[in-house]
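Below: the structure, in structure tokens.
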Amino acid sequence: NACKVAPFSNTGVRVVAPGVRILSALPGNRFGKMSGTSTAVPHVCGVAALWQELLQQQSRTVSGQLLQDRLLGSCSYQTIEEAHEADVGAGLVQAPP
């Protein structure tokens with residue numbers, strides 16, 4: 001499934017993640033679908049945490065630079081329609097295999 005850059009997206013980003021109609025927690029112990037850059041941030045954080053975990057299993061010392069390199073290096077343009085670097089940076093974040 002191809003995805004498109006949302007009209008509310010920022011330019012000049014380093015990476016992208018899903019941010020349209022994302023199931024989110026709402027007040028009152030409810031859930032609903034929300035859109036925005038704030039719904040994409042948890043995806044990037046979660047993928048970064050998975051990379052951190054994998055790197056820690058491989059080596060006790062994980063620098064911020066190594067984590068950043070793995071996160072950026074894993075990104076993909078494959079599922080993004082009409083991807084322009086200014087809009088998607090290195091591409092869609094990918095969890096480790």
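The values are calculated or read from the model by the stated rules, or taken from the named source; none is laboratory data. Note that this is a predicted model, so its numbers are computed, not measured. Ideal geometry is used to build each Cβ from the backbone, glycine not excepted, and the neighbour counts take in all protein chains shown. Please note that ligands, DNA and RNA were not included when accessible areas were found on the heavy atoms of the full protein model with its side chains. Shrake-Rupley method; radii C 1.70, N 1.55, O 1.52, S 1.80 Å.
Numbers at a glance
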quantity	calculated
Cβ-Cβ under 8 Å pairs, at least 6 apart or on other chains, the stretch 65-81 side of a type in the set (Phe, Trp, Tyr), far side in a loop (DSSP other than H, G, I, E, B) and open to solvent by less than 80 Å² (accessible area, probe 1.4 Å)	Tyr77/Ala83; Tyr77/Gly91
Breaking point among (1) closer than 19 Å to Ala95 by Cα; (2) surrounded by 13 or more Cβ atoms within 10 Å (Cβ to Cβ), for Met34	(1)
Number of the exception - Asn29 against (1) surrounded by fewer than 11 Cβ atoms within 10 Å (Cβ to Cβ); (2) at negative phi	(2)
Looking only at the stretch 1-39, and only at residues there that are within 14 Å of the chain's Cα centre (by Cα) and of a type in the set (Val, Ile, Thr), the one that is farthest from Ala86 (Cα to Cα)	Ile22
Those helices (runs of 4 or more DSSP H) lying entirely in the stretch 37-97 with at least 3 residues open to solvent by less than 80 Å² (accessible area, probe 1.4 Å) and out of contact with any strand residue (DSSP E or B) (no Cβ under 7 Å at 6 or more places or on another chain)	37-58, 64-73
Evaluation of Gly73 against (1) of a type in the set (Gly, Ala, Ser); (2) under 16 Å from Pro18 (Cα atoms); (3) out of contact with any helix residue (DSSP H, G or I) (no Cβ under 8 Å at 6 or more places or on another chain) (one fails), failing number	(2)
Residue count for the stretch 1-17, restricted to those that are touching a residue at least 40 places away in the same chain (Cβ under 8 Å) and open to solvent by less than 90 Å² (accessible area, probe 1.4 Å)	9
